[in-house]
1. Does residue 90 satisfy the criteria of being assigned to a strand (DSSP E or B) and β-branched (Val, Ile, Thr)?
2. Which condition number does residue 251 fail, the rest of (1) more than 14 Å from residue 190 (Cβ to Cβ); (2) touching a residue at least 24 places away in the same chain (Cβ under 8 Å) being met?
3. Taking the range 241-259 on its own, how many of its residues are touching a Lys or Arg at 6+ places or on another chain (Cβ under 8 Å) and part of a helix (DSSP H, G or I)?
4. Looking at this structure, is residue 231 farther than 27 Å from residue 324 by Cβ, among the aromatic types (Phe, Trp, Tyr) and not in a loop (DSSP other than H, G, I, E, B)?
5. Taking the stated definitions as given, is residue 276 outside any helix (DSSP H, G or I), crowded, with 19+ Cβ neighbours inside 10 Å and in contact with a helix residue (DSSP H, G or I) (Cβ under 8 Å, 6 or more places away or on another chain)?
6. What number of residues within the range 202-217 satisfy the criterion of being part of a loop (DSSP other than H, G, I, E, B) and touching a residue at least 12 places away in the same chain (Cβ under 8 Å)?
7. For residues in the range 35-85 being within 28 Å of the chain's Cα centre (by Cα), within 20 Å of residue 124 (Cα to Cα) and aromatic (Phe, Trp, Tyr), which is modelled with the lowest pLDDT?
8. In the range 110-190, which helices (runs of 4 or more DSSP H) lie fully inside it and hold 1 or more residues that are at pLDDT 95 or above and in contact with a Lys or Arg (Cβ under 7 Å, 6 or more places away or on another chain)?
Amino acid sequence: MGVTIKDVAKATGVSTATVSRVINNSPLISPKTEEKVKRAMREMNYFPSSMARGFSNQNTYNIALIVDMDNYDAFVNPFFYKIQYGIEKIICKQGYNLIIANEKTTINRDTALNRIIREKRADGIIFPSFLLRKNIIKKMEEKQIPYVVIGEPLKKFNVNWVDINNQMAGYIATSHLIKNNYKRIAFVSGNFNDHFNTKRFNGYLKALKENKIVYDERLLIKDIVAKKSGYDVVNNYMKMDNHPDAFIFSNNIAAFGAMMAIKENGYKIPKDIGIVSFDNFLVAELTQPEMTTVDIDVLELGIQAGSMLVMEIDSPSTTKHNRLLSVKLITRGSAERSTSNWHDI
C-alpha cells in the first residue's frame, strides 16, 4: 500500500488537515510548517492525487468538453481533434483532465450535460454554441460552474465565447477570386445548421456587393462535404450555359473532387476556373495545381477556449470575454492568374 496523507501527518507531527492545507497552498499555514510538510512528502515519495485534492477543496480537476457524437462529419474532420488538442495543451499544464461527453447520451431522459452540471462532475465546461440555451446558462450559474462557448452565439447571450472570424474567411476567399478576374463565383458549402458556414456565406455576399457583382442564388449549393459530392456538383454546373468560372468550397476534400471534375470536363485550373477552399489539410498541397486555401487555425481556437476557461476558474468575473480569431489566406496556384505567395489577413 502506498504512502497516505495520514503517513505524512504522522511523520511531521501535524494533523491531516494541515497536510491537506499545504497541498492546496493555503495561506493559513506558516512557511516553516509548509516547508517541513513538503520535505517529508518528497522524502516519502508522496504524490497527492487529483481525487484527494478534490475531496479537500471540492474541486474535481476535470474539464468537460461537450460534443455531438451523432454528427459524423464533425468526427471525420481533423479539426475536431485539433480543437481537443488545443484545449488539452492548456488545461493539462494546470493540472486538469479533459473529459469528453456526448450531449446526445441520455439516461432516464437526463442528458450528460445536465448530469455534469447537477452533480458538478467538472470544474468547468466547454461546449459548442448550438447547445446554448437559457435554461443551461441558468443551471451553470446556479451551480457556479464556469463555462466557455466555442462559436459566436447567434442570439445575444452574455457569455464567454471564442470563435474564428468566419465572415472574414468568406470575404477574403471571394475577394481574392474577384481580384484574379473571376466574376461568376459559386459558393459550395456544408450544412447551414453549422453557423460558421452561414457566416462564411455572409462574407461571400459582402465581397460580391462591394464589387458590384449581382448574387445568383443558383450559385449556392449546400450540404457538400465529400469528394464525390464535390465532383458531382461541378459536373452539374458544367452543364449550365453560363457556368461558374470559380468555386469556393467548404473543405479541401470536396474541392479535390471538384478539381478532378473540372479537368475531366476539359478546363484548366486556374486559367479557366479558379478554386479556393476553407481548410488547410495536407491534401491542399498534394493537388495539381496546389490548392489555395483560407487557413482556419482551430488549434488556436482550442488553446484560446482552454485559456479562457482556466482564467475564469481561477478568477471568476462578471465581465464576459469574447474573442474572434483572425484567418490567413494561403495562395498556392488554384485561384491565381499571377505569382503565388502568402498573405496575412
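1. Values: assigned to a strand (DSSP E or B): no; β-branched (Val, Ile, Thr): yes.
For residue 90, the condition - assigned to a strand (DSSP E or B) and β-branched (Val, Ile, Thr) - is not met.
2. That leaves (1) as the condition not met.
3. Number of matching residues: 4.
4. Working: farther than 27 Å from residue 324 by Cβ: yes; among the aromatic types (Phe, Trp, Tyr): yes; not in a loop (DSSP other than H, G, I, E, B): yes.
Here the answer is yes, as residue 231 does meet what is asked.
5. Details: outside any helix (DSSP H, G or I): yes; crowded, with 19+ Cβ neighbours inside 10 Å: yes; in contact with a helix residue (DSSP H, G or I) (Cβ under 8 Å, 6 or more places away or on another chain): yes.
Yes; evaluated as a whole, the condition is true for this residue.
6. So in the range 202-217, the residues part of a loop (DSSP other than H, G, I, E, B) come out as 211-216.
Right, trim to touching a residue at least 12 places away in the same chain (Cβ under 8 Å) and you get 211, 213, 216.
Within the range 202-217, residues that are part of a loop (DSSP other than H, G, I, E, B) and touching a residue at least 12 places away in the same chain (Cβ under 8 Å) number 3.
7. Only one residue fits best here, namely 80.
8. Details: elements: 112-118, 134-142, 166-179.
In the range 110-190, the matching helices (runs of 4 or more DSSP H) lie at 166-179.
The values are calculated or read from the model by the stated rules, or taken from the named source; none is laboratory data. Keep in mind the model is a prediction, meaning the values are calculated, not measured. As a convention, Cβ positions derive from the backbone with ideal geometry for all residues, glycine included, and neighbour counts pool all protein chains shown.
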